1. Report yes if some residue within segment B:75-91 is more than 14 Å from the chain's Cα centre (by Cα), of a type in the set (D, E, K, R) and within 13 Å of the ligand (Cβ to nearest atom); otherwise report no.
2. Just one of (1) more than 10 Å from chain A (Cβ to nearest Cβ); (2) away from the ligand (no atom under 16 Å from the Cβ) trips up B:Ser95, so point out which.
3. Pairs, please: C-beta under 6 Å, at least 6 apart or cross-chain, first residue farther than 17 Å from B:Glu150 by Cβ and away from every other protein chain (no Cβ under 14 Å) and in segment B:113-130, second within 11 Å of the ligand (Cβ to nearest atom) and modelled with pLDDT under 80?
4. Yes or no: segment B:93-104 includes at least one residue that is in contact (Cβ under 8 Å) with a residue 12 or more places away in the chain and touching a helix residue (DSSP H, G or I) at 6+ places or on another chain (Cβ under 6 Å).
5. Evaluate the following for B:Asn104: is it within 16 Å of the ligand (Cβ to nearest atom), closer than 23 Å to B:Arg47 by Cα and loosely packed, with under 14 Cβ neighbours inside 10 Å?
6. Kindly indicate the residue of segment A:31-48 that is more than 15 Å from the chain's Cα centre (by Cα) and part of a helix (DSSP H, G or I) and also modelled with the highest pLDDT among those meeting that condition.
7. Tell me, yes or no, whether segment B:156-167 has at least one residue that is more than 16 Å from B:Ser81 (Cα to Cα) and at the interface with chain A (Cβ under 10 Å from one of its Cβ atoms).
Amino acid sequence: MKTVLIKTLTKKVTKIALVLIPALTLSMTATAHDPSMHVKKAEKADCSKMDHSKMDMKDPVAMAMMKKCMKQAEKSKGQMDHSKMDKNMDHSTMKKIDDKISENEQHNH
Amino acid sequence: MRILKLLLLVVVLGTGTATTIMYSGIVNVAADEPHSDFVYWLLEETRESSIKKAAQNIKVPDLEDPEMLLMGGTDYEFMCSSCHLKPGQSESDMSIGLYPAPPNLTLSNEEHVGHEHENDEQASRKSFWVIKHGIKASAMPAWGKTHDDERIWAMVAFIKRLPTLTQEQYQILTAVE
Ligand SMILES: [Cu+2]
């Protein structure tokens, strides 16, 4: 009597598991979804990745990339007006400061 | 007189069937339940013929202009990529959830199946028309209500080159700065 009960019980449990496990995994994949995917940030063009050796300068895509990156370079230059600056500014330390800033930015989350 | 009676019968029966189908609720409008092959074919043929006819007299400008790629690229990234994807991405909430599904515009014509493809000029014409006017009862919006033709041609120029772009090229072309 007991063994029959156990047998039907295990059968039932297996059946439930067969339904539940796929259902659960499916619903999990539907919710496991990185919220960062929904965030659109206004990114800057990553011009460091441009490989000039592979670029055909007659191709509109290559020309467009050059245009964008040149504009970007000009803009970042234009932000700093050297003519109004103290001539004694020590440029040799600037690289270090830049590195520090980018380091901070990277660890700022 | 007999023909008239027969005609009347057909009309009454037809209207009756249509009304019954409409109000019975048996038509499933869920987006996660695809059309039958027949209904799909019916809708697709109707859509393709409509676009072809409407677009046939559109004049295509020079699309090889770098400025157009830059303008179209930024617009594409912000207005279209959520549905039509970008290099290195094969799915999104929209591309999975919408029905009819938005085509993956990073794939070239040879790579995507579903309908015929004509020459470049005809393809550009049709893209322009679809972007400007949208497609009824699908998620494709009519961008012409908020964007002038110049912006729309720029998007056409961009999506023409999109299948050839690497992730790096895409990033540079579409970035705002
Ligand atoms: Cu297509």
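The values are calculated or read from the model by the stated rules, or taken from the named source; none is laboratory data. A quick note: this is a predicted structure, and the numbers were derived from the prediction, not measured. In this analysis, Cβ positions are derived from the backbone assuming ideal geometry, glycine residues included, and neighbour counts consider all displayed protein chains.
1. Looking for residues that are more than 14 Å from the chain's Cα centre (by Cα), of a type in the set (D, E, K, R) and within 13 Å of the ligand (Cβ to nearest atom), one finds none in segment B:75-91, hence no.
2. (2)
3. B:His117/B:Asn109
4. yes
5. no
6. Filtering segment A:31-48 for residues that are more than 15 Å from the chain's Cα centre (by Cα) and part of a helix (DSSP H, G or I), the one modelled with the highest pLDDT comes out as A:Cys47.
7. Within segment B:156-167, none of the residues are more than 16 Å from B:Ser81 (Cα to Cα) and at the interface with chain A (Cβ under 10 Å from one of its Cβ atoms).
For every residue, the table says whether it meets (1) in contact with a His (Cβ under 8 Å, 6 or more places away or on another chain); (2) small (Gly, Ala, Ser); (3) within 16 Å of the ligand (Cβ to nearest atom).
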| site | (1), (2), (3) |
| --- | --- |
| B:Ile58 | no, no, no |
| B:Leu69 | no, no, no |
| B:Ala123 | yes, yes, yes |
| B:Ser127 | no, yes, yes |
| B:Met140 | no, no, yes |
